[in-house]
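Student: For reference, the structure I am asking about is given below.
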2 protein chains.
Amino acid sequence: MTIPSIGVTSGDPGGIGPEILIKTLAGAGALPPAAYIIFGDPRVIRSEEERLGLRLPLGEWRPGDSAEPGVFLSAAPGPLEDYRVGAVSAVNGEASFRAFEAAIGAARAGRLAAVVTAPVSKAAWALAGHAVRGHTEYLDRLHPGAIMAFWSDRLKVALFSHHRPLREAVEAVRADALVDFFRALHRGLGRLPGGPYRLLLAGLNPHAGEDGYLGREEAGDIRPAVDRAAAEGIPVSGPFPPDTVFLGALDKKDTVAVALYHDQGLIPFKLVSFATGVNVTLGLPFVRTSPDHGTAFDIAGKGVADPRSMEEAVRLAAAFSATGS
Amino acid sequence: MTIPSIGVTSGDPGGIGPEILIKTLAGAGALPPAAYIIFGDPRVIRSEEERLGLRLPLGEWRPGDSAEPGVFLSAAPGPLEDYRVGAVSAVNGEASFRAFEAAIGAARAGRLAAVVTAPVSKAAWALAGHAVRGHTEYLDRLHPGAIMAFWSDRLKVALFSHHRPLREAVEAVRADALVDFFRALHRGLGRLPGGPYRLLLAGLNPHAGEDGYLGREEAGDIRPAVDRAAAEGIPVSGPFPPDTVFLGALDKKDTVAVALYHDQGLIPFKLVSFATGVNVTLGLPFVRTSPDHGTAFDIAGKGVADPRSMEEAVRLAAAFSATGS
């Protein structure tokens, strides 16, 4: 039996990433069988282990070997002479960027089936001179058309657009772009187990435009795009009233709600799946998941961070790796 | 002891309004003590009673008398020679409009403390020649600044804007209009029991603009408006990231989340409070509530409509009338 190799980055050394990673992998015996490879600075991992009173049985990762179950370390030393917990800094940003870059490089070279990323600080990346606004934007540059999606037992959501001002997100709702998106999403979902997935599309306007009284995008762009995609065999329907479409997708394993902008999808997702939701990037040649929360600098170093979302991200990466890529 | 007089309209005769009204008032003994006065066509009420096998002990309403507990009828005959259940029609629209207008007239004349409105069809109103897009717009014309809010045990939400295209809703986010809104909302909430209410404001953009990276409305208009209102003693804070602000308001009795556009508020509200949520209009000289669903023509006349939201609307009207107006 072949088991997958799954990279796990440690995130910003000043945030809760190292803590939730160690808490999760300390219970590796209860996780799906895989080689879990930590990408991070060994000094940060050791220091956080001491703080938590946990010790991971870390083997050294040798990517050439056939994978064996266990927890391994791929050292990605950062310039961490004086890293600080609980704050944004350039050294922390440089460290989390290097670890992420190393993991993605290994995945693109085919040595990892999946990468799970702990939270980073975009502000710290900027201080370190990396002009990219987060994991998903970095991946989107390497693999244009990467899709941000969110996954939990109760609700699955894919975002047509994510990190842009609402005003721009409204402008971006055009028929051609929507059709391209439906194709990429359907293709990305097709590589996951549990499908085929049906897509329920939210409208842009209240009541999905109410026959044009409350907006024209539904008639002008959205409905034509759905018709074109459906004619190609993509199982997409809508646009539905945004305030009830997520109820329609709730607790349905094979249904993904499609949101046209960031908060349309994340408001319902976080309400239903807070602390257990997983961020999934679709459309890559490998699986990528991450917890759906940030660095939480305010509680870093206190040992109180909730590792559930990280654990779910690791479990989902393993589940998707079973048939993915 | 003085008990309140509460008007209850029967809604579109072709929808589920008459059914949920009769189901609710048939249990009037378990409702707060009040005079519940039905505004509707007696023929519709009698016909629906027969269908349901329920009979309300209807007294005739004499508005001059001091109110006694019970269920009364204020006949508002519609042109209902041939009304049809389960469909949009001009006769149905005319009937529901007349009943609503009669109830609002009685409330504005001081004869009712509250009006509970069963669902109407805006399309039927339009067919009947009434160029007003629903209850709230009608009330907003009579009392400019009327505010649409949603109320349940779990979540309370007020909407800065409601029935307008998203593109226009974004344009409407201006400092002066926001300050006026906070004042009106604070005033309206001040007349309700259970306060004082604290206001948690959602941002417009993802992550509330993330320091300008994801939109400028927060810095340019929203934050200045919050500062001005707070300086006047209005307990408003924010703007908070839209995808977590509703979690912050959840299960807090004295907290109202403020949404900047229709779906920002209604997506979380319907997800959390479906079937038990109540629509409340604030800023009127009387209390007005209604169930948070529509006419449901598809299930009308079948006896299967869920009356819980209507019952909650009646209970809330009674609770608010205790100290309101």
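The values are calculated or read from the model by the stated rules, or taken from the named source; none is laboratory data. From a predicted model like this one, the values you see are computed outputs, not experimental measurements. No Cβ is skipped: glycine too gets one built from the backbone with ideal geometry, and neighbour counts run over all protein chains shown.
Student: For B:ASP292, are the conditions met, namely being assigned by TED's automatic domain parsing to the domain that holds B:VAL157, touching a Phe, Trp or Tyr at 6+ places or on another chain (Cβ under 9 Å) and of a type in the set (Asp, Glu)?
Tutor: When the stated conditions are applied, B:ASP292 does not pass them.
Student: Within the range A:60-73, is there a residue that is under 24 Å from the mean Cα position of the chain (by Cα) and either assigned by TED's automatic domain parsing to the domain that holds A:ALA177 or over 23 Å from A:PRO33 (Cβ atoms) (or both)?
Tutor: No, that holds for no residue.
Student: Looking at the range A:130-144, is at least one residue small (Gly, Ala, Ser) and in the same structural domain as A:SER5 (by TED's automatic domain parsing)?
Tutor: yes
Student: Of everything in the range A:34-54 that's in contact with a Lys or Arg (Cβ under 9 Å, 6 or more places away or on another chain) and part of a loop (DSSP other than H, G, I, E, B), which residue is modelled with the lowest pLDDT?
Tutor: A:ASP41
Student: How about the range A:224-246: which of its residues are farther than 22 Å from B:PRO165 by Cα and of a type outside the set (Lys, Arg)?
Tutor: A:ASP227, A:ALA229, A:ALA230, A:ALA231, A:GLU232, A:GLY233, A:ILE234, A:PRO235, A:VAL236
Student: How many residues are part of a helix (DSSP H, G or I) and under 21 Å from B:ALA300 (Cα atoms) when one looks only at the range B:19-33?
Tutor: Applying the first criterion (part of a helix (DSSP H, G or I)) to the range B:19-33 yields B:19-25, B:28-30.
Still in the running and under 21 Å from B:ALA300 (Cα atoms): B:19-25.
Total meeting the criteria: 7.
Student: Only one of A:LEU178, A:LEU166, A:LEU112 is in the same structural domain as A:PRO235 (by TED's automatic domain parsing), farther than 19 Å from A:LYS270 by Cα and over 14 Å from the mean Cα position of the chain (by Cα). Can you tell me which?
Tutor: Of A:LEU178, A:LEU166, A:LEU112, the one residue that is in the same structural domain as A:PRO235 (by TED's automatic domain parsing), farther than 19 Å from A:LYS270 by Cα and over 14 Å from the mean Cα position of the chain (by Cα) is A:LEU178.
Student: For the range A:290-325, which residues satisfy the criterion of being over 15 Å from A:PHE150 (Cβ atoms) and either within 12 Å of the chain's Cα centre (by Cα) or among the aromatic types (Phe, Trp, Tyr) (or both)?
Tutor: Result: A:PHE297, A:VAL314.
Student: Right, here's the next one. What residue, of A:PHE274, A:PHE240, is surrounded by fewer than 23 Cβ atoms within 10 Å (Cβ to Cβ) and in contact with an Asp or Glu (Cβ under 9 Å, 6 or more places away or on another chain)? Step through it out loud before you land on a result.
Tutor: Numbers: A:PHE240 fails: in contact with an Asp or Glu (Cβ under 9 Å, 6 or more places away or on another chain).
Testing whether each residue is surrounded by fewer than 23 Cβ atoms within 10 Å (Cβ to Cβ) and in contact with an Asp or Glu (Cβ under 9 Å, 6 or more places away or on another chain) leaves just A:PHE274.
Student: For A:SER161, state whether it is under 21 Å from A:VAL116 (Cβ atoms) and of a type in the set (Ser, Thr, Tyr).
Tutor: no
Student: Take the range B:111-157 and flag every residue that is more than 14 Å from every other protein chain (Cβ to nearest Cβ), closer than 23 Å to B:ARG308 by Cα and hydroxyl-bearing (Ser, Thr, Tyr).
Tutor: Passing the criteria: only B:THR117.
Student: Restricting to the range B:108-146, give me the number of residues that are touching a residue at least 40 places away in the same chain (Cβ under 8 Å) and surrounded by 22 or more Cβ atoms within 10 Å (Cβ to Cβ).
Tutor: Residues that pass the stated criteria total 13.
Student: Looking only at helices (runs of 4 or more DSSP H) that lie completely in the range B:194-306, which have at least 2 residues being within 14 Å of chain A (Cβ to nearest Cβ) and closer than 29 Å to B:LEU139 by Cα?
Tutor: B:242-249, B:262-273
Student: Select the strands (runs of 3 or more DSSP E) contained entirely in the range A:78-164, then report the ones holding at least 3 residues which are closer than 30 Å to A:ASP254 by Cβ and of a type in the set (Asp, Glu).
Tutor: Fully inside the range A:78-164 and qualifying: nothing.
Student: Right, next: Taking A:ASP243 and the conditions (1) touching a Pro at 6+ places or on another chain (Cβ under 9 Å); (2) over 20 Å from B:ALA123 (Cβ atoms), which numbered condition does it fall short on, given that it satisfies the others?
Tutor: (2)
Student: Restricting to the range B:245-268, give me the number of residues that are within 23 Å of B:ALA225 (Cβ to Cβ) and either assigned by TED's automatic domain parsing to the domain that holds B:HIS293 or touching a residue at least 60 places away in the same chain (Cβ under 8 Å) (or both).
Tutor: Number of matching residues: 16.
Student: Does the range A:167-187 contain at least one residue that is of a type outside the set (Gly, Ala, Ser), closer than 24 Å to A:GLU311 by Cβ and crowded, with 16+ Cβ neighbours inside 10 Å?
Tutor: no
Student: Does the range B:271-289 hold any residues that are aromatic (Phe, Trp, Tyr) and under 14 Å from the mean Cα position of the chain (by Cα), and which are they? Break it down into steps so the answer makes sense when it comes.
Tutor: The initial filter retains those residues of the range B:271-289 that are aromatic (Phe, Trp, Tyr), namely B:274, B:286.
Selection gives B:PHE286 alone.
Student: Please indicate, with yes or no, whether at least one residue in the range B:209-216 is within 27 Å of the chain's Cα centre (by Cα), over 30 Å from B:ALA319 (Cβ atoms) and in the same structural domain as B:ASP180 (by TED's automatic domain parsing).
Tutor: Start the filter on the range B:209-216 by keeping residues that are within 27 Å of the chain's Cα centre (by Cα), which leaves none.
No: zero hits.
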